[in-house]
Amino acid sequence: MAAMSPSERRLQKELMSLMREPPPGVHVDGDQAGQNLTQWIIHMEGAKGTLYEGERFQLQFKFSSKYPFDSPEVTFIGGNIPVHPHVYSNGHICLSILTDDWSPALSVQSVCLSIVSMLSSCKEKKRPPDNSFYVKTCNKNPKKTKWWYHDDSV
Amino acid sequence: MSKCELAEMSTAKEQPGPSKPSGSAQEEKERDERMFECNICLDTAKDAVVSMCGHLFCWPCLYQWLETRPARQLCPVCKAAISKEKVIPLYGRGITKQEDPRNNVPPRPAGQRSEPEANAGFSGFGFGEGGFHMSFGIGAFPFGFFTSTFNFGETRPGAAPRGSPQFLEEQFLSKVFLWVALVFICWLVMA
């Protein structure tokens, strides 16, 4: 096997552990991720007893060569984008650990758990107030957005 | 987002759990190795260092992270304030000299060691069963030092000429002080 870069080594390790012991409601597409370590698709189920129970979502993770020093680019993709005050209809997520509060000790698994918990604590399904403006004007990469983190409750 | 929930979930998974049926020797070995994984690259820590908050990293990994965000020097695991200088190197038994001259990571800070206290030795005076301590000093030392050293500007008056009343007075004073000193020394010796 060719020598792997540090970021590939770490992604390989994360993929193995996520496939071996996935958190509840989270499932990684191992074949797809194994072929291209820099782009993963994660299938996620809404947790039981929450507003999203029974719904299925897809998350896309993109990793740069500087991962884990650089945060992954995480967006919802596919037909079902969760209706949530911090999730824009184009799939972008307003979550501080994805940019400012990223730490290299976080992982795909911990990001997935954060997103599940963010969805689970939602009280009312609605889009962010500036959704239509943001979706029209934003960059394709959510990391280019200057997010304002103001809501600590969810 | 809620950090607390996240922390709870991730630590709950890692608990060794003595109640669980113990796995094979292979599993146990794996778990032992995971305990010494760097929190950044997830490999066994090379040139290992520990932050003051107790988290283990490879020195090159931690260094790179702290260089990435110079404005926020936080522990990647617990977000405690940390610094490059305030880490403790771990020297295991197998010395691993893994520093690659091609990368420009400076060597990790050296360990800080203090000499053990020398409480054995010096039994020259065989007084009693070793419980004897002797100290010698002049109590007013620092003040005397100040008065003699920090008297700038004022020159001391010279000795008075012989025969003058001032000379007699000085002689008297010096005798008084001599006796005071002698009494003091006698008192010290008797005490």
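Residues of region B:52-72 that are more than 23 Å from the chain's Cα centre (by Cα), farther than 10 Å from B:Ile40 by Cα and without any contact (Cβ under 8 Å) to a residue 40 or more places away in the chain: B:Leu66, B:Glu67, B:Thr68, B:Arg69, B:Pro70, B:Ala71, B:Arg72. Against the numbered list (1) of a type outside the set (Ser, Thr, Tyr); (2) more than 9 Å from chain B (Cβ to nearest Cβ); (3) surrounded by 15 or more Cβ atoms within 10 Å (Cβ to Cβ), A:Phe133 comes up short only at (3). Name every residue in region B:73-85 that is over 21 Å from B:Pro107 (Cβ atoms), part of a loop (DSSP other than H, G, I, E, B) and more than 9 Å from every other protein chain (Cβ to nearest Cβ), in order of residue number. Matches in region B:73-85: B:Ala80 only.
For the criterion of being surrounded by fewer than 14 Cβ atoms within 10 Å (Cβ to Cβ), touching a helix residue (DSSP H, G or I) at 6+ places or on another chain (Cβ under 7 Å) and over 24 Å from A:Leu119 (Cβ atoms), A:Ser65 passes.
Within region B:44-72, the residues that satisfy the criterion of being in a loop (DSSP other than H, G, I, E, B) and either within 18 Å of A:Trp102 (Cα to Cα) or facing chain A (nearest Cβ under 9 Å) (or both) are B:His55, B:Arg69, B:Pro70, B:Ala71, B:Arg72. Going through region A:119-154 one residue at a time, which ones are in a loop (DSSP other than H, G, I, E, B), touching a Ser or Thr at 6+ places or on another chain (Cβ under 8 Å), in contact (Cβ under 8 Å) with a residue 40 or more places away in the chain and not hydroxyl-bearing (Ser, Thr, Tyr)? Within region A:119-154, A:Cys122, A:Arg127, A:Cys138, A:Trp147, A:Val154 qualify.
Any read-out appearing in this document is the output of simple, stated calculations on the displayed coordinates, not a laboratory observation. Note that this is a predicted model, so its numbers are computed, not measured. Quick reminder, even Gly has a Cβ in these numbers, built from the backbone with ideal geometry, and neighbours come from all protein chains shown.
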